[in-house]
1. Looking at segment 60-90 only, could you name the residues that are acidic (Asp, Glu) and under 13 Å from the mean Cα position of the chain (by Cα)?
2. Limited to segment 1-16, what total is found for residues that are touching a residue at least 12 places away in the same chain (Cβ under 8 Å), of a type outside the set (S, T, N, Q) and in contact with a strand residue (DSSP E or B) (Cβ under 6 Å, 6 or more places away or on another chain)?
3. For segment 1-24, give me the residue count where each residue is over 11 Å from the mean Cα position of the chain (by Cα), under 17 Å from residue 57 (Cα atoms) and in a helix (DSSP H, G or I).
Amino acid sequence: MRISYSTLDKLRSMPNYSIHESKDLITIFYFAPSIGEASGTTEEGGNRSIEIILGKDNNGLTFIEAKVLEGDRVIRKMSEEELDLWFQFIEGE
């Protein structure tokens with residue numbers, strides 16, 4: 001599964017995404033809305049984020065790993081298959 005550099009540039013402009021870059025890796029953080037924000041209520045709940053780590057090469061970015069986080073705590077790891085629809089969506093926008 002690959003993401004193009006142009007798609008990464010699109011994500012940089014979206015408010016729910018944060019991109020961190022090092023020499024060989026790109027880390028994408030997606031900040032999901034809180035339960036209250038998503039439902040339009042005042043219900044409270046933990047804010048979760050998804051951390052997606054991609055490796056750089058000349059042809060784009062390649063999936064390495066992903067995790068669901070609540071604060072600094074890892075809730076669970078995500079597989080590449082779980083992110084497949086998201087990859088298709090962001091590449092197609």
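Derivation of every value follows stated rules applied to the coordinates shown; laboratory data play no part. Everything quoted here is computed from the prediction, not taken from an experiment. So basically every Cβ, Gly included, is an ideal-geometry build from the backbone, and we count neighbours across all protein chains shown.
1. Here is the first cut: in segment 60-90, the ones acidic (Asp, Glu) are 65, 70, 72, 80-82, 84.
Once the filter is applied, which keeps residues that are acidic (Asp, Glu) and under 13 Å from the mean Cα position of the chain (by Cα), segment 60-90 yields 65, 80, 82, 84.
2. The first filter runs over segment 1-16 and keeps only residues touching a residue at least 12 places away in the same chain (Cβ under 8 Å), leaving 1-5, 7-8, 10-11, 16.
Okay, now just the ones that are also of a type outside the set (S, T, N, Q), so 1-3, 5, 8, 10-11.
Then keep just the ones that are in contact with a strand residue (DSSP E or B) (Cβ under 6 Å, 6 or more places away or on another chain); that gives 1-3, 11.
Residues in segment 1-16 being touching a residue at least 12 places away in the same chain (Cβ under 8 Å), of a type outside the set (S, T, N, Q) and in contact with a strand residue (DSSP E or B) (Cβ under 6 Å, 6 or more places away or on another chain): 4 in total.
3. Total meeting the criteria: 4.
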